[in-house]
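J.: Right, I'll just put the structure down here and ask away after.
Derivation of every value follows stated rules applied to the coordinates shown; laboratory data play no part. Just so you know, these numbers come straight off a predicted model, no measurement behind them. For neighbour counting, all protein chains shown are included, and Cβ atoms are generated from backbone atoms with ideal geometry for every residue, glycine included.
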Amino acid sequence: SGHFLSKIQWEAFAMTSVLNVILVAWLELAMSSQPPDNIVLFISSYLEGSGYNKFLEIYNKGTATANLDDFAFPNTANGHPDGHEHWNAFTSGATLGPGQHYIIAHPDADAAILDKADQTHEYLSNGNDAYALVYGTESEYSIIDSIGKFGPDPGDGWDVCGVTDATKDHALLRKPTLEKGNGGLWDASRGTNADDCEWYVLSKDEFRLDSFPLTISDDGLVSDKPMVVTIPEMRASQSDYLGKYVEVEGVVTGVVTNSWVFIQAVTTADQHEGLMLYLPNPRPMQGNLVKVTGVLSDYYGVLQMAEAHLSVVTPVADVPSPIQIKTGGENYEHFEGMLVAVEDVEVTDSNPDADDAGTDYGEFSVSDGSGDLRVDDASRHISHDPKGGEQYSSITGILHYSFGNYKILPRTDDDLILEGSEPQTSPAQAGVDVIVIVAVVVAVVAVCAAAVMAKLYMDAKKKHVTESNVEEGASGNVVLGRPVSEEQAGEGATTGATAGNQKL
């Protein structure tokens, strides 16, 4: 019947729609113009030196191995009006692991360079040839990083950090605080002076290979290694380490915002163990034991390491137990950046920042009888709407300082336990919920698609069996829908001869 046919068409349409959604999502992922977030490549060092001493060094600051077949390093020679001029591929099958360097050198460079080279390339820059690190294919790619820019001939070279023609007869070294490549924004990358640029400009004989991240010390020399210290040591003598390139180790106790990560030393000191990292990408997960290198700074009274380089030592480690503190306690600075908890507290003010303009920064104050302490929903994962007089048996989070106040930063709703209730789940590691949801959605779509395909197959099989039993009458009329006997076929033929109709 017509109803039967429309049903098949509808199911086919539904199946096609599901498959189209899956296919489009897969193609968008496969053809993405940007590499995955856990692969962070950029040009870490460059040399246009004496004779044929030339190289490009690529560094992977990410947490996953990069397949360099997905990347390339196209260039222009003396300027080019429209995009790249020459497409240069990496050695087929080459990879670059986290924290590793890949060096492309001129084939006639000195042995000291060639001994560390992973690939040779004859036409490296003479100072005025732009090179880019790109992701994609020659017909469609995105620029991840660059030295120089595609376009007009710059002359002898480009100025970098205020140094004239610094891409000629110089070595360039990326500053250790760099988080990612310049995306082709070369003018912003090269800056106008030593403070606003992303590079160190060195003499052509002062080049360094396979050594990023490095920093320049006060006497102008390049320091190959960071100062390895513990967080308690660093906090006890902050003035000795501020502005210095250091390496510390700790367990991630909280990923509070899109860029705030807190780590805590694995010691028994119970004080001076916390440190804030400003780490937009890639971010670790709660419970990771990590090693962090970067320049220590004071950010509005908070000791932090900005845009640090992080590597995971152990994926899963024991998160330190929270330190019990009083809401009106003293010496909060000793516990800054650490996981703490307060117990048996009452909400004394649901909005301590309230004014006539209706200001509300998402903070509330609590007290255990010893004084007030703020709680801040900076993580944006807190759904609690505290009311004055409400009782909490415990509140856990990171002790942080901002805008003149110490405050606890809960990581999830599970860190806030109302009086008389118990946590329904254990504190989840950052990102786990999203992964589970995605996995469930994918599984549901797959099951639905399989069910629709099975239904279509059974309907098609049934239709095939039915059609195989069709008998034709004298007029060639067709009877569909069920097996027919000879008598029924003859009746159909008579009816067809009389009415000239088909039975469907």
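J.: About the Cα centre of region 58-130, how large is the charge dipole given +1 on each Lys and Arg Cβ and -1 on each Asp and Glu Cβ? Please answer in debye to the nearest 20.
T.: 300
J.: Can you list the HN-Hα couplings for region 64-71, worked out from phi with the Karplus curve (6.51, -1.76, 1.60; θ = phi - 60°), rounded to whole Hz and with x for Gly and Pro?
T.: 10, 6, 8, 8, 6, 5, 7, 10
J.: Once you have the Cα-Cα distance between Asp240 and Ser139, take 0.36 nm times their residue separation minus that, and quote the gain in nm to one decimal.
T.: 31.2 nm
J.: Separate question: Quick one: what are the phi-derived ³J(HN,Hα) couplings along region 104-116, Karplus 6.51/-1.76/1.60 with θ = phi - 60°, whole Hz, x for glycine and proline?
T.: In residue order, the calculated couplings are 10, 10, 5, x, 10, 5, 4, 4, 4, 7, 5, 5, 9 Hz.
J.: Which links in Lys61/Lys149; Lys61/Lys407; Lys149/Lys204; Lys168/Lys244; Lys54/Lys244; Lys149/Lys291 stretch past 28 Å when you go from one Cα to the other?
T.: Flagged as over cut-off: Lys61/Lys407; Lys168/Lys244; Lys54/Lys244; Lys149/Lys291.
J.: Count neighbours as other Cβ atoms within 10 Å of each site's Cβ, and list the GluC sites (Glu not before Pro) in region 282-345 that are DSSP loop with at most 10 such neighbours.
T.: Loop-located and lightly packed - Glu330.
J.: Another one. With a sphere of radius 12 Å drawn around the Cβ of Met276, what net charge do the other residues whose Cβ falls strictly inside it have (Lys, Arg +1; Asp, Glu -1)?
T.: -1
J.: Additional query: DSSP loop chymotrypsin sites (Phe, Trp or Tyr not before Pro) in region 287-377 with at most 11 other Cβ atoms within 10 Å of their Cβ, which ones?
T.: Tyr300
J.: Now a separate question. Counting Lys +1, Arg +1, Asp -1, Glu -1, what net charge surrounds Gly155 among other residues with beta carbon under 13 Å of its beta carbon?
T.: -4
J.: Quick check: residue separation of Glu330 and Lys180 times 0.36 nm, minus the Cα distance between them. What number comes out in nm?
T.: Stretched out fully, the Glu330 to Lys180 stretch lengthens by 50.0 nm.
J.: At q = 0.17, 0.20, 0.24, 0.32 Å⁻¹, what log₁₀ I(q)/I(0) does region 352-406 have when each alpha carbon counts as one equal point scatterer in the Debye sum?
T.: -0.61, -0.86, -1.25, -1.65
J.: Within the set of other residues whose C-beta is less than 13 Å from the C-beta of Glu233, count the net charge using Lys and Arg as +1 and Asp and Glu as -1.
T.: Charge balance near Glu233 sits at -2.
J.: I'd like to compare 310-318, 395-403: which one has the highest average count of other Cβ atoms within 10 Å, and what's the full order after that?
T.: Most protected by this proxy first, the peptides run 395-403, 310-318.
J.: So how many Å³ per residue does the convex hull of the Cα atoms of region 124-274 work out to?
T.: Convex hull volume per residue, Cα atoms: 158 Å³.
J.: Taking a temperature of 20 °C and a viscosity of 1.002 mPa s, what whole-number D in µm²/s does Stokes-Einstein yield for region 257-373 with Rh from Kirkwood over alpha carbon pairs?
T.: For the chosen part, D equals 132 µm²/s.
J.: Take the Cα atoms of region 55-149, find their three principal axes, and give me the spread along each one in whole Å, biggest first.
T.: Projected onto its principal axes, the Cα set of region 55-149 covers 35, 32, 21 Å.
J.: In square nanometres, what is one fourth of the surface area of the convex hull spanned by the alpha carbons of region 46-87?
T.: That works out to 4.5 nm², a quarter of the Cα hull's surface.
J.: Between Asp82 and Glu233, 0.36 nm times their residue separation minus their Cα-Cα distance comes to what?
T.: The Asp82-Glu233 span can extend by a further 48.9 nm.
J.: About the Cα centre, and with charges only on the beta carbon of Lys, Arg (+1) and Asp, Glu (-1), how big is the dipole of region 141-277? Nearest 20 debye, please.
T.: In debye, rounded to 20, region 141-277 gives about 300.
J.: Counting other Cβ atoms within 10 Å of each Cβ, which GluC sites (Glu not before Pro) in region 91-162 have at most 10 and sit in a DSSP loop?
T.: Sparse-neighbourhood loop GluC sites (Glu not before Pro): Glu122, Glu140.
J.: Restricting everything to alpha-carbon atoms, can you work out Rg to Rh for region 319-426 with a Kirkwood hydrodynamic radius?
T.: Value, to two decimals: 0.93.
J.: Now for a different question. Could you give the size of the charge dipole of region 291-387 about its Cα centre, using +1 on the Cβ of each K and R and -1 on the Cβ of each D and E, expressed in debye and rounded to the nearest 20?
T.: In debye, rounded to 20, region 291-387 gives about 580.
J.: Would you mind checking which residues have amide H under 5 Å from Gly151's amide H? H placed 1.01 Å from N; only 5 or more apart, or other chain.
T.: Close amide H contacts, sequence-distant or interchain: His80.
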